[in-house]
Amino acid sequence: MTTIVLVRKNDEVVVAGDGQVSMGNTVVKSTASKVRKIEKRDVVAGFAGSTADALTLFERLEGKLEKHAGNLSRAAVELAKDWRTDKYLRRLEALMAVGDKKNSYIISGTGDVLEPEGDVIGIGSGGNYALAAGKVLMESNISAEEVAKKAIKVAADICVFTNENVKVEKI
């Protein structure tokens, strides 16, 4: 797994993720990028799960955004439907955190599209640690990007499947 955090603060939306890729108890790569910005649509997304699966899901999300004129809510629901019903995608056990200027969602392979309360989302093996740290850091005067980076660093200190090589995308 991994750790992804999405933060909304002061008209900024930031998604950050660690860079660790593990196979069982072995670290295979420490500098992977599990976050992406979909430039045309001002959407940021982070993925917790298999790296190869991430590319497929990011491409599908981008296609859904194009099809639905950038409407993230509609694209998220359509992606979740495909994910739940498509034979190939159905096997993926993963989560995505996605956001645009108005909305933030967690999308799961079970067909869930969740709009969590608050301005911080945490997913992945260290997601709850990053979520807790992010909620506390939101009360400070630091930027959304700094909240996200520090939240990942807290998770990395606790979760063995998370490292401190933080990648960030923002809108």
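A search for C-beta distances below 8 Å between a residue of region 59-84 that is within 16 Å of residue 115 (Cβ to Cβ) and any residue that is of a type in the set (D, E, K, R) and crowded, with 16+ Cβ neighbours inside 10 Å, counting only pairs 6+ apart in sequence or on different chains, returns 72/41; 72/100; 74/64; 75/64; 76/64; 78/64; 79/60; 79/64.
So which residues in region 43-60 are farther than 13 Å from residue 109 by Cα, surrounded by 15 or more Cβ atoms within 10 Å (Cβ to Cβ) and among the aliphatic types (A, V, I, L, M), if there are any at all? Result: 43, 44, 45.
Just checking, does region 3-19 include any residue being more than 30 Å from residue 142 (Cα to Cα) and surrounded by 15 or more Cβ atoms within 10 Å (Cβ to Cβ)? No, region 3-19 contains no residue that is more than 30 Å from residue 142 (Cα to Cα) and surrounded by 15 or more Cβ atoms within 10 Å (Cβ to Cβ).
Could you tell me which of the residues 34, 40, 29, 64 is more than 16 Å from the chain's Cα centre (by Cα) and buried (at least 17 other Cβ atoms within 10 Å of the Cβ)? On inspection, the qualifying residue turns out to be 64.
If you go through region 138-149 and pick out every residue that is in a loop (DSSP other than H, G, I, E, B) and under 16 Å from the mean Cα position of the chain (by Cα), you end up with 0.
Residues that are touching a residue at least 40 places away in the same chain (Cβ under 8 Å), in contact with a strand residue (DSSP E or B) (Cβ under 7 Å, 6 or more places away or on another chain) and either more than 15 Å from residue 6 (Cα to Cα) or basic (Lys, Arg) (or both) occur at least once in region 90-105. The residue that is surrounded by the most Cβ atoms within 10 Å (Cβ to Cβ), counting only those in region 137-149 that are touching a strand residue (DSSP E or B) at 6+ places or on another chain (Cβ under 9 Å) and of a type in the set (Gly, Ala, Ser), is 148. Quick check on region 152-168. Is at least one of its residues over 24 Å from residue 32 (Cα atoms) and either out of contact with any Leu (no Cβ under 7 Å at 6 or more places or on another chain) or among the hydrophobic types (A, V, I, L, M, F, W, C) (or both)? No - not one qualifying residue is present in region 152-168.
In region 88-107, the residue that is surrounded by the most Cβ atoms within 10 Å (Cβ to Cβ) out of those that are at pLDDT below 90 and touching a Phe, Trp or Tyr at 6+ places or on another chain (Cβ under 8 Å) is 95. Exactly one residue out of 134, 122 is buried (at least 21 other Cβ atoms within 10 Å of the Cβ) and in a helix (DSSP H, G or I), and it is 134.
When residues in region 150-171 are screened for being touching a strand residue (DSSP E or B) at 6+ places or on another chain (Cβ under 7 Å), farther than 11 Å from residue 3 by Cα and either without any contact (Cβ under 8 Å) to a residue 40 or more places away in the chain or not in a strand (DSSP E or B) (or both), 1 of them pass. The residues of region 67-82 that are touching a Lys or Arg at 6+ places or on another chain (Cβ under 7 Å) and either on the phi < 0 side of the Ramachandran plot or crowded, with 17+ Cβ neighbours inside 10 Å (or both), listed by number, are 68, 75, 78, 79, 82.
The values are calculated or read from the model by the stated rules, or taken from the named source; none is laboratory data. These numbers come from a predicted model, not from an experiment. Counting neighbours? That spans all protein chains shown, and the Cβs are built from the backbone with ideal geometry, glycine included.
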